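As structure tokens, the structure follows; a few thoughts come after it.
The values are calculated or read from the model by the stated rules, or taken from the named source; none is laboratory data. All of these numbers come straight from a predicted model, not from anything done at the bench. Virtual Cβ from ideal backbone geometry, glycine too; neighbours counted across all protein chains shown.
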């Protein structure tokens with residue numbers, strides 16, 4: 001559901017003539033945007049190649065794409081932002097994190113140099129020191145690597161280099177002839193250079209919730225770097241934030257304005273939401289169409305007989321539930337089938353990056369009438385978790401490259417419900433991590449992107465409340 005929080009920031013290219021060129025970032029999604037695609041400029045087409053699943057590859061690609069094509073012989077060097085070292089040392093309780101951060105900066109420099117077909121000088125403490133090392137080069141690409149609470153940010157400046165060794169030592173500080181910036185949310189590959197986040201509950205914030213909630217999603221819908229909560233009820237779709245202990249919607253759209261009533265609605269409706277920067281997908285067995293909406297909840301597109309498969313694609317409506325086929329939302333091409341014979345009453349999916357930078361996908365579904373969850377990953381591995389209710393969410397909550405599964409309990413007594421967290425290590429079986437009593441019953445469940453150095457939040461509708469679990 002998650003989408004990328006600040007990766008859609010503008011890249012500014014300042015050229016010698018002082019001309020600034022703006023190139024928008026890219027929203028990664030499991031499906032294409034409905035309707036005809038707008039015409040792309042040459043630079044936008046170049047940047048479209050940077051929709052990489054892992055942060056380091058995407059950042060290095062965007063930086064390379066932002067630079068002028070004719071720079072002659074170029075060398076790359078990197079440094080660590082002092083703010084990053086101070087921030088991470090304070091948040092982790094360690095006095096120094098110099099070596100891991102330097103290793104991260106060196107990795108960024110190496111990948112960016114590879115994109116540009118040149119060499120990396122590694123990490124340098126100062127720009128002047130890097131300039132001295134830049135023998136036989138015409139320009140130096142200087143990268144400042146910064147780690148915030150949730151993002152990897154890299155600022156790039158290109159400097160001309162004097163021809164001779166003594167000129168490089170004695171020459172005054174050079175002016176910048178090109179500038180770029182790239183940012184991505186921290187994934188487990190970047191996280192492998194940082195202090196490990198323990199899978200431990202720290203707090204629960206509670207707020208008054210709307211009535212008759214069916215589904216929840218969370219993310220940066222409008223690209224303002226702040227997280228929004230999307231809610232689907234039987235009557236409408238709402239997007240807003242929690243303020244003063246109350247969920248305050250800033251956009252609301254009735255279902256009647258978006259989709260026709262389904263020919264055969266279910267007595268107990270199933271609804272799903274999927275949210276990324278720039279769009280929200282919604283579907284309900286009460287309604288005939290899957291819809292894609294913009295941040296103002298204006299209709300972008302719709303398809304008959306589908307619901308979002310959160311974090312992955314779409315699923316077809318079945319007879320009494322949902323089919324076990326994951327399909328493309330546009331072409332409805334079959335992508336994955338869960339190896340179950342029954343229809344499903346709950347679905348979820350997740351895409352994440354392992355510490356080695358490998359892209360990994362997992363889908364899950366609960367067979368209709370059953371009390372267990374079936375999981376399937378991109379390697380064909382299967383797993384099963386018992387005592388699972390109809391509310392599920394999949395995400396790498398502590399950004400260590402291991403999937404977490406959040407679920408309600410399979411109980412008809414709301415007072416006995418609990419929020420359960422399991423982990424599914426690669427090559428192993430799911431393991432219970434912790435539980436949180438949820439008296440009142442869990443009505444909906446969704447996960448948010450990371451917003452600080454702790455666990456990525458879960459948003460849970462419990463009884464008449466919204467819980468933000470961190």
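Can you find even one residue in region 236-256 that is in contact (Cβ under 8 Å) with a residue 40 or more places away in the chain, surrounded by fewer than 17 Cβ atoms within 10 Å (Cβ to Cβ) and more than 29 Å from residue 52 (Cα to Cα)? Looking for residues that are in contact (Cβ under 8 Å) with a residue 40 or more places away in the chain, surrounded by fewer than 17 Cβ atoms within 10 Å (Cβ to Cβ) and more than 29 Å from residue 52 (Cα to Cα), one finds at least one in region 236-256, hence yes.
The set of residues in region 211-232 being farther than 30 Å from residue 100 by Cβ, out of contact with any strand residue (DSSP E or B) (no Cβ under 6 Å at 6 or more places or on another chain) and crowded, with 18+ Cβ neighbours inside 10 Å consists of 223 alone. Being touching a helix residue (DSSP H, G or I) at 6+ places or on another chain (Cβ under 6 Å) and surrounded by 19 or more Cβ atoms within 10 Å (Cβ to Cβ) is the requirement here; does residue 389 meet it? Taking the combined requirement at face value, the residue does not satisfy it. Hey, could you check region 50-77 for residues that are surrounded by 19 or more Cβ atoms within 10 Å (Cβ to Cβ) and assigned to a loop (DSSP other than H, G, I, E, B) and say which is farthest from the chain's Cα centre (by Cα)? Of everything passing the filter in region 50-77, 67 is farthest from the chain's Cα centre (by Cα).
Tell me, which residue of region 372-400 that is in contact with a strand residue (DSSP E or B) (Cβ under 7 Å, 6 or more places away or on another chain) and in a loop (DSSP other than H, G, I, E, B) is farthest from residue 317 (Cα to Cα)?
397
Has region 419-430 got any residue that is within 17 Å of residue 214 (Cα to Cα) and in contact (Cβ under 8 Å) with a residue 40 or more places away in the chain? So far as region 419-430 goes, yes, one or more of its residues are within 17 Å of residue 214 (Cα to Cα) and in contact (Cβ under 8 Å) with a residue 40 or more places away in the chain. Examine region 325-333 for a residue that is surrounded by fewer than 15 Cβ atoms within 10 Å (Cβ to Cβ) and under 30 Å from residue 189 (Cβ atoms), and state whether such a residue exists. There is at least one residue in region 325-333 that is surrounded by fewer than 15 Cβ atoms within 10 Å (Cβ to Cβ) and under 30 Å from residue 189 (Cβ atoms).
Is region 428-440 home to any residue that is within 28 Å of residue 343 (Cβ to Cβ), in contact with a helix residue (DSSP H, G or I) (Cβ under 9 Å, 6 or more places away or on another chain) and modelled with pLDDT of 95 or more? Yes, region 428-440 contains at least one residue that is within 28 Å of residue 343 (Cβ to Cβ), in contact with a helix residue (DSSP H, G or I) (Cβ under 9 Å, 6 or more places away or on another chain) and modelled with pLDDT of 95 or more.
Scanning region 259-279 for residues that are over 17 Å from residue 315 (Cβ atoms) and either outside any loop (DSSP other than H, G, I, E, B) or in contact with a strand residue (DSSP E or B) (Cβ under 6 Å, 6 or more places away or on another chain) (or both) yields 261, 276, 279. Whenever a residue of region 274-298 is in contact (Cβ under 8 Å) with a residue 24 or more places away in the chain and on the phi > 0 side of the Ramachandran plot, its partners that are part of a loop (DSSP other than H, G, I, E, B) and crowded, with 24+ Cβ neighbours inside 10 Å, lying with C-beta atoms within less than 9 angstrom and at least six residues away or across chains, give the pairs 278/3; 278/221.
Residues considered: 357, 311, 369, 365. Of these, the only one that is under 25 Å from the mean Cα position of the chain (by Cα) and either at pLDDT 90 or above or in a strand (DSSP E or B) (or both) is 365.
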